[in-house]
1. Can you name every residue in segment 112-127 that is open to solvent by less than 10 Å² (accessible area, probe 1.4 Å) and not in a strand (DSSP E or B)?
2. Take segment 246-267 and flag every residue that is open to solvent by 50 Å² or more (accessible area, probe 1.4 Å), over 28 Å from the mean Cα position of the chain (by Cα) and under 16 Å from GLU300 (Cα atoms).
3. Return the pair list, or none, for Cβ contacts closer than 6 Å from residues in segment 186-204 that are on the phi < 0 side of the Ramachandran plot to residues that are in a strand (DSSP E or B) and open to solvent by 20 Å² or more (accessible area, probe 1.4 Å), at least 6 apart or on different chains.
4. When the residues of segment 219-232 are narrowed to those that are of a type outside the set (Val, Ile, Thr) and in contact with a Gly (Cβ under 8 Å, 6 or more places away or on another chain), which ends up surrounded by the fewest Cβ atoms within 10 Å (Cβ to Cβ)?
5. Name, by its number, the condition in (1) within 30 Å of THR51 (Cβ to Cβ); (2) crowded, with 19+ Cβ neighbours inside 10 Å; (3) not acidic (Asp, Glu) that does not hold for LEU306.
6. Identify all residues within segment 149-179 that are part of a loop (DSSP other than H, G, I, E, B), in contact with a helix residue (DSSP H, G or I) (Cβ under 9 Å, 6 or more places away or on another chain) and over 17 Å from CYS70 (Cβ atoms); write none if there are none.
7. Of all residues being of a type outside the set (A, V, I, L, M, F, W, C) and open to solvent by less than 10 Å² (accessible area, probe 1.4 Å) in segment 314-333, which is farthest from LEU241 (Cα to Cα)? Just the residue, please.
Amino acid sequence: MSQVKLQRRGFQLGAANHGQAAQASDLRQEWLNGNSIHLAGLATSLLKGNTNNIDQSAKLYLGILDEVACDELFMSAPYENNLEGRFESLGSSFNEGEPQEVEMVVFDALEQEKTVAEDLWVKVSWLSFHDEDSSLRFRFSFGEDHIEDVAADPLRQHYAALLTDSIFPESKIITDNPALVDKLTQALDKSTYRFVERIVYFNAPNGGAYLHHDLERGHAGIVYAQLSGSTYWIALPKQELVAQIREFCGDCGMNNTWPPSLNHDMQKELVAYCNEACSLSDELDSFANSTIIHLINETESFVQHLAANGFATTVNAGDMMLLPQADENTCCWHSVFNLGEEHGQALSFAIRTD
């Protein structure tokens, strides 16, 4: 079996076999358990019809890497035609309080030349601060970021989704996919749902996301589609991640096999947290504990431990992933590595079932 080289943000995390999750037979039970669901090839048939859109989005990404203003790019073809009469640009801004932000472009939505939804936006951000990681994300939402309750405004959710479709028409690979409808209906046990809080990713060599969850009030989970390139995923429910950390640290303490990058103070800290599962869970959720962040994301032996225990999946162009996110204890934590020497594009849309 061929292996892939895992590296991210300057950390070399060893080689691993191409993870290949088994196709779940009971999607509903897997969803309730908080497990990721790998849907191999579910979007393949739609990729060909979106080749031009995906190629154009790659040009948009490269334009931003060349420091062309996003607002300026949206004033040229094909974006100008796609937005005309539907969305009016109010200009762009940059929040100095968010150093990863590149640019935010704000729009009003129009119907018959009248404003029907205000302060919609697309925010372009770096995924990390690492100099060799040029991964970007385009996040679509509205209002005051991190302050307003987006779950309480379905009208602007709707128009923010339409704005995503106008700038990235390949969004239909998720939103107009009969095969996905069948899988989601099984997993959610519902036939009615909406895709909101949409994100378009461009993962670059040496890039990808650290272990995290996407838990947000009103969201049932996430659907992810790989449109180009390949990624390597570590994904497991929150309660299982806590158990794996405790198991790994217990073995290290018993056998004196702590990774060299974990000094004595870090080892003591981890042992203390592992003695109390609730404390470890709380520290994970803080996303601020440097020792735990280093262990789960930057320590080769722990990443290899998770891969060896069956939590790894290789996601190729045309594959999709379902990630349950509704419950604090079973929400699926996930980590992404870009594979290969080229960037890859992906879609990540939240799911609402109300």
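1. Selection gives nothing.
2. Our first condition is that a residue be open to solvent by 50 Å² or more (accessible area, probe 1.4 Å); within segment 246-267, this holds for 246-247, 251, 254-257, 260-261, 263-265.
The next check asks that each one be over 28 Å from the mean Cα position of the chain (by Cα); those that pass are 251, 254-257, 260, 263-265.
Residues satisfying the conditions are ASP251, THR257, PRO260, ASN263.
3. Listed by first residue and then by second, the contacts come to ILE199/ARG137; ILE199/ARG139; TYR201/ARG137.
4. Selected residue: SER230.
5. (1)
6. ASP176, ASN177
7. Ranking the qualifying residues of segment 314-333, first place goes to GLY318.
Residue-wise test of (1) open to solvent by 10 Å² or more (accessible area, probe 1.4 Å); (2) in contact with a Cys (Cβ under 7 Å, 6 or more places away or on another chain).
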residue: ALA152; (1), (2): yes, no
residue: PHE168; (1), (2): no, no
residue: TYR193; (1), (2): yes, no
residue: HIS213; (1), (2): yes, yes
residue: ARG217; (1), (2): yes, no
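The values are calculated or read from the model by the stated rules, or taken from the named source; none is laboratory data. Quick caveat, the model's predicted, so the values are computed rather than measured. Ideal geometry is used to build each Cβ from the backbone, glycine not excepted, and the neighbour counts take in all protein chains shown. We work out accessible area using only protein heavy atoms, side chains counted, and drop any ligands, DNA or RNA first. Shrake-Rupley method; radii C 1.70, N 1.55, O 1.52, S 1.80 Å.
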